[in-house]
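*Asks:* One structure follows; several queries about it will come next.
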Amino acid sequence: MSAFFALESLTLHYGKTLAVDALSLRLEEGNTLALLGPSGCGKTTTMRAVAGLLKPSSGRVHLAGRDITALAANKREVGLVFQSYALFPHLSAWDNVAFGLQLRGVGAAELKQRVSEALAMVGLSELAARMPRELSGGQQQRVALARTVVVRPRLLLLDEPLSNLDTRLRLEMRSELKRLQRQLNITMVVVTHDQLEALALADTVAVMHAGQLAQLGTPQQVYTQPASEFVARFMGMDNVVAASALGLSSAKAFAWRPNAVVLGRGQHQGTVIGASYLGDAMELLIDSIFGPIKAQAAADAAWRVGQQIAFDLPLERGVALQA
Ligand SMILES: Nc1ncnc2c1ncn2[C@@H]1O[C@H](COP(=O)(O)OP(=O)(O)OP(=O)(O)O)[C@@H](O)[C@H]1O
Ligand SMILES: [Mg+2]
């Protein structure tokens with residue numbers, strides 16, 4: 001059976017530059033896909049192609065049982081909140097959100113209700129009369145989100161929707177977005193460079209690397225069973241050691257998160273070359289025969305730069321990498 005939303009070998013070029021390289025993925029209705037990857041890996045380009053703003057060099061886009069590859073942007077029922085969420089500068093927050101509904105000829109009473117709901121969802125009911133220039137960056141970003149959600153697109157594309165918010169508001173908006181997505185059964189693709197945000201929001205995570213799909217899986221799969229060194233490092237396993245350096249042959253390499261490194265005992269020796277206080281913990285950088293090892297120590301640990309330190313990389317706390 002075909003998925004609600006699918007990309008089939010989607011490929012895009014800017015001139016001769018290959019930006020998206022044979023990207024294939026699928027998403028069921030009502031689910032959220034997080035598109036994750038470093039800057040320049042092709043996330044925005046992919047979103048723009050799905051929204052119909054860029055023409056692919058090859059490949060197909062399917063939505064709700066139709067091939068929409070050649071369909072005009074305004075016929076797709078795809079809502080895109082841009083990374084640079086251009087609001088209409090001459091319209092108030094309220095009118096920005098109401099605009100799409102007016103365009104669709106929604107009646108006055110329903111319009112009023114839907115716009116107030118959408119503004120309440122993003123916590124901006126009080127500021128509905130403000131013009132975009134009278135709003136902070138984070139508030140503008142929330143208006144942009146409300147403006148897109150209010151028209152109930154079949155597919156909602158969000159490009160870094162929470163990037164301009166402070167940490168507290170970001171967490172609040174993240175759970176609010178997730179609640180709304182579930183309540184309205186929205187099918188959603190969210191672009192983020194924040195790994196934890198991707199894990200929190202998504203049913204499926206797609207990690208991209210240089211235009212290609214590096215891994216597609218559940219948040220748990222991508223976090224605990226990265227398919228390659230690239231994905232492992234991207235998901236926070238800073239310590240990747242070649243199997244040969246460990247005298248092992250069961251995999252190509254092994255990877256450990258900083259908090260999986262055992263400190264103060266073990267068969268390896270190193271020198272502390274960095275110690276940063278993180279609040280809940282201390283992060284140590286250790287120079288060793290494996291190269292620099294990043295480890296997490298207790299916040300009140302007494303390790304100091306220049307000290308010799310014993311450490312261990314227990315296999316049962318690491319991940320074997322085959323690629
Ligand atoms: N208009 C353009 N003309 C030429 N090259 C472009 C254009 N837009 C993007 N690119 C290139 O295409 C590649 C993918 O860009 P894209 O904007 O999709 O990256 P991204 O994953 O969204 O990155 P970021 O996380 O920084 O937003 C990059 O190498 C970028 O330099
Ligand atoms: Mg981008």
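Derivation of every value follows stated rules applied to the coordinates shown; laboratory data play no part. On a predicted model such as this, the values are computed, not experimentally measured, just so you know. In this analysis, Cβ positions are derived from the backbone assuming ideal geometry, glycine residues included, and neighbour counts consider all displayed protein chains.
*Asks:* Per-residue HN-Hα couplings for segment 69-74, Karplus 6.51 cos²θ - 1.76 cosθ + 1.60 at θ = phi - 60°, whole Hz, x for Gly and Pro?
*Replies:* Karplus values, whole Hz, x for Gly and Pro: 3, 9, 6, 5, 3, 6.
*Asks:* Short version: ³J(HN,Hα) in whole Hz for each residue of segment 229-240, in order, from phi by Karplus 6.51 cos²θ - 1.76 cosθ + 1.60 (θ = phi - 60°), x for Gly and Pro, what are they?
*Replies:* Couplings: 4, 4, 5, 4, 5, 5, 8, x, 8, 6, 9, 10 Hz.
*Asks:* If you don't mind, there's one more thing I want to ask. For the chain, evaluate the Debye formula with one uniform point scatterer on each Cα (no solvent term) and list log10 I(q)/I(0) at q = 0.06 Å⁻¹, rounded to two decimals.
*Replies:* -0.27
*Asks:* While we're on this one: Summing +1 for each Lys or Arg and -1 for each Asp or Glu, what net charge is found among the other residues whose Cβ lies under 14 Å from the Cβ of ALA243?
*Replies:* Details: positive: LYS252; negative: GLU229.
That sum, taken over residues with Cβ under 14 Å, equals 0.
*Asks:* Same structure again: Quick one: order MET235, MET188 by neighbouring beta-carbon count within 10 Å, fewest to most. It would help to have the intermediate numbers written out before the result.
*Replies:* On the way: MET235 24, MET188 27.
Ordered from fewest to most neighbouring Cβ atoms within 10 Å, MET235, MET188 come out as MET235, MET188.
*Asks:* Using a Gaussian network model of the chain whose springs link C-alpha atoms within less than 10 Å, name the residue from VAL240, VAL272, VAL149 with the highest mean-square fluctuation.
*Replies:* Sorting by GNM fluctuation, first place goes to VAL272.
*Asks:* While we're here: When the dipole is taken about the Cα centre of the chain, and only Lys, Arg (+1) and Asp, Glu (-1) are charged at their Cβ, what size is it in debye, to the nearest 20?
*Replies:* Details: 31 positive and 27 negative charges, 165 e Å.
For the chain, the charge dipole is close to 800 debye.
*Asks:* Still on this model: Considering the zone a paramagnetic label at GLU29 would reach in this model (a point 7 Å from Cα along the Cα-to-Cβ line), which residues of segment 59-90 have amide N under 16 Å from it?
*Replies:* Under 16 Å, as judged by backbone N against the label point of GLU29, lie 62-67, 77-78 of segment 59-90.
*Asks:* Pulled fully out, how much extra length does the chain show between ALA323 and ARG133, if you take 0.36 nm times their separation in residues and subtract their Cα-Cα distance?
*Replies:* On the way: separation 190, 0.36 × 190 = 68.40 nm, distance 4.92 nm.
Full extension from ALA323 to ARG133 adds 63.5 nm.
*Asks:* What list do you get for THR45, THR224, THR218 if you sort them by fewest beta carbons within 10 Å? Walk me through the numbers on the way to the answer.
*Replies:* Working: THR45 22, THR224 11, THR218 14.
So the ranking, lowest neighbour count to highest, is THR224, THR218, THR45.
*Asks:* Taking only Cα atoms and a 10 Å spring cutoff, compute GNM fluctuations for the chain and point out the largest among ALA298, ALA129, ALA49.
*Replies:* ALA298
*Asks:* A further question on this structure: Across segment 237-321, what fraction of all alpha-carbon pairs, as a whole percent, falls in each successive 10 Å bin from zero upward?
*Replies:* 19, 53, 23, 4
*Asks:* Name the long-range amide H neighbours of VAL20: under 5 Å, sequence gap of 5 or more, or other chain; modelled H, no Pro or chain starts.
*Replies:* LEU12
*Asks:* In the chain, what percentage of the DSSP-assigned beta bridges are antiparallel, given to the nearest 5? It would help to have the intermediate numbers written out before the result.
*Replies:* Details: 46 of 64 bridges.
Bridges in the chain that DSSP calls antiparallel: roughly 70 percent.
*Asks:* So what J values fall out for segment 175-183 if you push phi through Karplus, 6.51 cos²θ - 1.76 cosθ + 1.60 with θ = phi - 60°, rounded to Hz, Gly and Pro as x?
*Replies:* Computed from phi, the couplings for segment 175-183 are 6, 5, 4, 5, 5, 5, 4, 5, 4 Hz.
*Asks:* Next question. Highest GNM mean-square fluctuation, the chain, Cα pairs closer than 10 Å: which of ALA295, ALA251, ALA144?
*Replies:* Of the options given, ALA251 has the highest mean-square fluctuation.
*Asks:* Taking the beta-carbon count within 10 Å as an exposure proxy, list SER24, SER228, SER175 from fewest neighbours to most. Could you put the intermediate results ahead of the total?
*Replies:* On the way: SER24 14, SER228 18, SER175 11.
The most exposed by this proxy come first: SER175, SER24, SER228.
*Asks:* Pull out the extension gain between LYS112 and SER276, defined as 0.36 nm times the separation in residues minus the alpha carbon to alpha carbon distance; nm, one decimal. Spell out each step's value before the answer.
*Replies:* Numbers: separation 164, 0.36 × 164 = 59.04 nm, distance 5.14 nm.
The LYS112-SER276 span can extend by a further 53.9 nm.
*Asks:* Moving on. Amide H to amide H, which residues 5 or more places from ALA210 or on other chains are under 5 Å from it, using H placed in the peptide plane?
*Replies:* none
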